[in-house]
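*Asks:* One structure, pasted below without further comment.
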Amino acid sequence: MSLPVAITTAAPKASGAPAPYADEVTDQGLLRYHYEGKDPDQHTNWWLRKCWQERIPLIYFHGVAKGVYLPTWPVYIAEDDPTNLYVLVEIVDPLPRSTGPANTCCRRR
């Protein structure tokens, strides 16, 4: 069985338009990560559900600019909400945040 190793939130658009999905951090410190599309049984959403059921660690890539991502590992799916089309993601040990790409950001090659 193939399951994902990472999830990604895209960076906001350079034009100032929001990212395609409105992923956000809740008041409880969990990431609300939205499903792809509107079908909770779409394969990518099913994979997230399977990672939740089996408590599989994932890498989370947070887009900070076009082609620049801040990685965090490990993260776990803490809750699945197929009715509202999202999962809640627990960030276990976040990397230190920095504004400098040399310390924490990965550039796409």
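*Asks:* So, in region 72-109, of the ones that are modelled with pLDDT of 95 or more and of a type in the set (Phe, Trp, Tyr), which residue ends up farthest from residue 45 (Cα to Cα)?
*Replies:* 76
*Asks:* Six or more apart or on different chains, Cβ atoms under 8 Å: show the pairs whose first residue is in region 52-69 and in contact (Cβ under 8 Å) with a residue 24 or more places away in the chain and whose second is loosely packed, with under 13 Cβ neighbours inside 10 Å and among the acidic types (Asp, Glu).
*Replies:* 52/79
*Asks:* Buried (at least 17 other Cβ atoms within 10 Å of the Cβ) and without any contact (Cβ under 8 Å) to a residue 40 or more places away in the chain: is that true of residue 27 in this structure?
*Replies:* The answer is no for residue 27.
The values are calculated or read from the model by the stated rules, or taken from the named source; none is laboratory data. These numbers come from a predicted model, not from an experiment. Cβ sites come from the backbone with ideal geometry, for glycine too, and all protein chains shown count toward neighbours.
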